[in-house]
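Report on the following structure.
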Amino acid sequence: MASETRQAENAGKDTVSLVEFKDDLNDINAASVIEDNQQSRDAIFFEALERYPNPETIDMNDEKRVRRKIDVRIIPLLGICYFFYYVDKTTLSYAAIYGLKEDLTLVGSEFSWLSSSFYFGWLIWAIPSNLLMQRSRTGLYLAFNIFMWGALLMIQASSKSFTALLVLRILSGAFEAIADPAFMLITSTYYTKEEQPSRIAAWYVFNGVGVAGGGLIGYGIGKIDGALPSWRYEFLVVGAFCCAWGIVLLFVTPDSPRNFKGFTHEEKLIMIARVSRNQTGIDHRKINWKQIKEAYLDYKTWLFTLFGFFSNIPNGGISNFSTLVIKGLGFNTLQTSLLGIPQGALVVIWITLGAVCNRYMPKNSRTLVSALFMIPTIAGALGFLLAPTDAYVGRLICFYLTGSYQASFVICLSLITSNTGGQSKKMIVSGMIWFGACIGNIASPFFYITSQAPSYHLGIGSLLVANCIEFALLFVLRYAFMWENKRKQRQRDELAINNHRIQDANETTFADLTDKQNINFEYVY
């Protein structure tokens, strides 16, 4: 009797969390009953689970064939989007070396404000845009936003004052706020947790292609001898390509596995069954306000926000001042444009190496691999600051080394897609890391003080400090997820001790449960 009493007392320790879990599940079930339309849309998901109740029931060769087909259809789309996404953001940097600052008579910190203003629009519209995407067709919403990137970029070519360009930059940022969250949502919809780091790396690597491509485009535009100043052609040419790509996306971007054109019904079932093991939910278009509340009360959301902030202090400066830093090392304008190519190539190499390392490392090594790739960035920043001012080649190499942080950031994006359950919660958490990224990008240009050109010691110093904090945050995230997994195991043990039925994984996989609500959820780190 005494042992039963002690057992009951121990069971009571997690009673509140178990009751909350049951209440959350009841709320989800009630909402599901009310939404008959959602039930009919979900029919193919239930059919997939009935046909393939566990991963072992899927033929390995069939799964590989479907995965390759998804890769061919998804990765190039997102990669090209990301190419334009990065080139779009760096047009201001190239415009600066082709006379924008002189033509608009920018003085003091006005160029820094133009660099940061883009992220004010992003900051304001990031969360509303994510929620609108959940309510909309993903492909249609993404295509519209990309078309608007290009349209606004072309309009920027007509700017005749600092104020006009500032307003247009803010609007551009608002339309670009959807990019990364949309790409992350699409990746989590079609790939398993194990596949997500390499697939995110596959489209994010076009960031580096964008750096190199931006250099080639900038060089080509610098050769134009037209009626307009070269910097105006920079906006017109890049903007026109963005608009054209937005129209293409309208016809080729999938909205859901249910209506993915070019796949047979059987292939769609395999596609859905593959990702059922993620336990993160899929294709729920009704906004769940309880999940939104949980997202903002979850400490992990704020850890991701901090990570987004510190990882983008380097990005904001490098995106907008890299050309000025390189030019300040003694190179002319056209040489500076060309030197953006190796910088972009190195970003591609860093991200690829990060994905390869993560693939062949033991399970749950993502944070360790991310920490490893922070080391070259920290070393590069130190070298740039400590090297003699006339060591132009050495300082250029050190500056190139600072790009390794991008590999770490890519792998950490997969922590969000893999560790957040519930559609509405996913939209908020993915929005919040970019919310933090916006603040980092807004703050960063102001560390690059004009009077410190061309060395920009404070700017490079801010990069170094931010990277050291980011390095520490990786281990905070690692141990947080380890603790959460132990907590989940205690909850499952508690249910078993009290003879409560533990839901089968197939019952929770598409129930739109959050990672907190889902008893079968396992965090990766």
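Principal-axis analysis of the Cα atoms of the chain puts helix 15-34 at an angle of about 80° to the longest axis. Cross-link check: pairs K286/K486; K261/K425; K425/K486; K286/K488 evaluated at a Cα-Cα cut-off of 24 Å; pairs beyond the cut-off: K286/K486; K261/K425; K286/K488.
Taking all protein chains together, K223, K193 sort by accessible area into K223, K193, largest first [probe 1.4 Å]. Each residue, V465 and R492, gets one label point 7 Å from its Cα in the Cβ direction; the gap between the two is 4.4 nm.
Normalising the average separation of contacting C-alpha pairs (under 8 angstrom, six or more residues apart) by the number of residues puts the relative contact order of the chain at 24 percent.
Using θ = phi - 60° in the Karplus curve 6.51 cos²θ - 1.76 cosθ + 1.60, the 3J(HN,Hα) couplings for segment 419-430 round to 10, 10, x, x, 4, 5, 5, 4, 5, 6, 5, 5 Hz; x is entered for Gly and Pro. As a rough guide to protection, the peptides 289-300, 73-84, 386-397 ranked by mean Cβ packing within 10 Å, highest first, stand as 73-84, 289-300, 386-397. Charged neighbours of A273, selected by a Cβ distance under 10 Å, balance to +1 (K, R count +1; D, E count -1). For N288, the residues 5 or more places off, or on other chains, whose built amide H falls under 5 Å of its own are S424.
Set against the labelled values (i) 24.3, 94; (ii) 27.2, 104; (iii) 22.7, 72, Rg and Dmax of the Cα atoms in Å computed from this structure falls on (i). The portion of the accessible surface of the chain made up by carbon and sulfur, rounded to a whole percent, is 65 (1.4 Å probe; DNA, RNA and ligands excluded).
Using a probe of 1.4 Å on the protein chains alone, the accessible area found for I439 is around 70 Å².
The heavy atoms of V252 present about 50 square angstrom of accessible area, all protein chains included, probe 1.4 Å. Simple point charges give the picture: +1 on the Cβ of Lys and Arg, -1 on the Cβ of Asp and Glu, and for the chain a dipole about the Cα centre of about 560 debye.
Accessible surface calculations at 1.4 Å, restricted to protein heavy atoms, place the chain at 39 Å² per residue.
Taking all protein chains together and a 1.4 Å probe, the residues R67, R135, R359 rank R359, R135, R67 from largest to smallest accessible area.
In the chain, helices alone account for a calculated mean residue ellipticity at 222 nm of -25000 deg cm²/dmol, with every DSSP H run of four or more residues adding -39,500 (n - 2.57). For the chain, the longest principal axis of the Cα atoms and the long axis of helix 457-497 meet at an angle of about 10 degrees.
The values are calculated or read from the model by the stated rules, or taken from the named source; none is laboratory data. Remember, predicted model here, so these are calculated numbers, not experimental data. All Cβ positions, even for glycine, are placed from backbone atoms using ideal geometry, and neighbour counts span all protein chains on display. The accessibility values were calculated without ligands, DNA or RNA, using every heavy atom of the protein model including side chains. Shrake-Rupley method; radii C 1.70, N 1.55, O 1.52, S 1.80 Å.
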